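**Q** Before I ask anything, here is the structure I am working with.
The values are calculated or read from the model by the stated rules, or taken from the named source; none is laboratory data. All values reported here derive from a predicted model rather than from experimental measurement. For neighbour counting, all protein chains shown are included, and Cβ atoms are generated from backbone atoms with ideal geometry for every residue, glycine included.
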Amino acid sequence: MSKSVLLLCFVVITTNIYAGKIVTDSINSTVLKSWVKYNIYLPDSYAKTSDKYPALYLLHGLHGGYYSWEKYRLNLVADLKMRNQEVREMVIIMPNAGGPYSDKVRNGYFDVDGWKYETFFFEEFMPHVEKKYRVIGDKGHRAVSGLSMGGSGTITYGMHHPELFSACYNMSGWVGMSDKTQGGIYKTDCPEPERKDFKSDIQYATSKSVYDNRPVPYLAKASKEKLAALRTVKWYIDVGDDDFLLEPNVDLFLAMRKYNIKCELRVQDGIHNQEYWYKALYTMLPFVDRCMDK
């Protein structure tokens with residue numbers, strides 16, 4: 001084969017490579033009184049068209065940050081799925097809600113003293129992103145997913161605002177609590193966390209906020225109207241068989257069934273780690289795509 005033919009083949013192959021782009025951006029939050037960074041995945045065609053895209057909000061876990069999803073190869077999985085047309089092109093937004101040192105840096109997706117993150121997310125962050133970037137911006141084309149602490153945020157955001165999301169995909173969600181700060185099973189009916197068990201008030205506030213937003217008690221107190229609204233969302237729980245958070249996730253699934261809220265549960269081989277969440281991306285993206293309006 002001549003060099004010119006080889007060169008032509010190389011050009012054809014390289015020009016057909018699908019490559020989305022992750023960019024880092026930030027918002028100056030009045031609510032949090034600070035700049036908040038976020039990563040955003042823009043599909044391959046974003047820079048080539050004026051189209052609007054569905055939006056997926058992807059929430060990191062405790063000790064993580066907006067950068068965490070790159071470690072789990074989100075961009076590579078998204079490129080593969082979109083290139084093969086297994087999922088439609090979408091914009092994926094990865095906000096920052098913490099940092100690696102949970103005893104020194106605010107972590108969490110809920111409102112606590114000095115950290116009104118849920119207020120920030122819905123009143124500032126989501127409107128900011130959906131104005132600045134070309135997303136469709138309605139319930140039928142918006143979803144939320146997250147892992148561990150981000151799984152708790154995913155479930156709670158979906159329950160607090162079912163009018164905003166078509167799908168909620170929870171990976172290994174921190175949806176229950178324990179009186180043990182290390183190891184053990186996080187029970188949904190355990191006593192409140194005690195300050196003495198944490199290195200700092202910041203760490204305690206994060207744990208207390210998760211406790212206060214447990215989804216099982218929330219469902220038990222929900223009105224008929226709220227339960228009806230929750231049935232308009234597609235729910236998915238994905239957790240490892242050896243994950244220390246297995247039991248509260250199963251409890252949540254059973255509670256959803258009790259209130260006639262359709263929810264898929266998958267218990268797969270794995271623990272609470274990076275390998276599991278990387279594999280979960282291959283299931284999450286197609287699920288989100290199926291649940292969105294065409």
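**Q** Go through (1) among the polar types (S, T, N, Q); (2) out of contact with any helix residue (DSSP H, G or I) (no Cβ under 6 Å at 6 or more places or on another chain); (3) at pLDDT 70 or above for Q182 and report which single condition fails.
**A** With respect to (1) among the polar types (S, T, N, Q); (2) out of contact with any helix residue (DSSP H, G or I) (no Cβ under 6 Å at 6 or more places or on another chain); (3) at pLDDT 70 or above, Q182 is out only on (3).
**Q** With the condition kept exactly as written, say whether any residue in the stretch 51-58 is surrounded by fewer than 19 Cβ atoms within 10 Å (Cβ to Cβ) and under 20 Å from D293 (Cα atoms).
**A** Scanning the stretch 51-58, I find at least one residue that is surrounded by fewer than 19 Cβ atoms within 10 Å (Cβ to Cβ) and under 20 Å from D293 (Cα atoms), so the answer is yes.
**Q** Next question. Select from the stretch 39-55 the residues that are closer than 19 Å to A143 by Cβ and either assigned to a loop (DSSP other than H, G, I, E, B) or of a type in the set (A, V, I, L, M) (or both) and write down the one among them that is farthest from the chain's Cα centre (by Cα). It would help to see each step written out before you state the result.
**A** Taking the stretch 39-55 as the starting set, the residues that turn out to be closer than 19 Å to A143 by Cβ are 39-43, 46, 51-55.
From the residues that got through so far, the ones that are either assigned to a loop (DSSP other than H, G, I, E, B) or of a type in the set (A, V, I, L, M) (or both) too are 40, 42-43, 46, 51-52, 54-55.
Values: I40: 13, L42: 17, P43: 18, Y46: 22, D51: 24, K52: 21, P54: 15, A55: 12 Å.
If we take residues in the stretch 39-55 being closer than 19 Å to A143 by Cβ and either assigned to a loop (DSSP other than H, G, I, E, B) or of a type in the set (A, V, I, L, M) (or both), then D51 is farthest from the chain's Cα centre (by Cα).
**Q** Can you report the number of residues in the stretch 216-245 which are free of Cβ contacts under 8 Å to residues at least 24 places away in the same chain and either among the aliphatic types (A, V, I, L, M) or part of a strand (DSSP E or B) (or both)?
**A** Going through the stretch 216-245 one residue at a time, the tally reaches 1.
**Q** Let me spell it out: the conditions are (1) hydroxyl-bearing (S, T, Y); (2) modelled with pLDDT under 95; (3) closer than 16 Å to G153 by Cβ, and Y101 meets all of them except one. Which number is the exception?
**A** If we test Y101 against (1) hydroxyl-bearing (S, T, Y); (2) modelled with pLDDT under 95; (3) closer than 16 Å to G153 by Cβ, just (3) comes out false.
**Q** Please count how many residues of the stretch 138-151 are outside any helix (DSSP H, G or I) and either buried (at least 21 other Cβ atoms within 10 Å of the Cβ) or at pLDDT below 95 (or both).
**A** Going residue by residue through the stretch 138-151, those that are outside any helix (DSSP H, G or I) are 138, 142-148.
So of that shortlist, the ones also either buried (at least 21 other Cβ atoms within 10 Å of the Cβ) or at pLDDT below 95 (or both) come out as 142-148.
Qualifying residue count for the region: 7.
**Q** Right, another one. Looking only at the stretch 68-118, count how many residues are among the acidic types (D, E) and in a strand (DSSP E or B).
**A** Count: 1.
**Q** Right, another one. Name the one entry in E89, E70, E130 that is within 15 Å of P54 (Cα to Cα) and surrounded by fewer than 20 Cβ atoms within 10 Å (Cβ to Cβ).
**A** Step by step, each of E89, E70, E130 is checked, and only E130 is within 15 Å of P54 (Cα to Cα) and surrounded by fewer than 20 Cβ atoms within 10 Å (Cβ to Cβ).
**Q** Answer with yes or no whether K52 is of a type in the set (K, R) and out of contact with any helix residue (DSSP H, G or I) (no Cβ under 8 Å at 6 or more places or on another chain).
**A** Numbers: of a type in the set (K, R): yes; out of contact with any helix residue (DSSP H, G or I) (no Cβ under 8 Å at 6 or more places or on another chain): yes.
Yes; evaluated as a whole, the condition is true for this residue.
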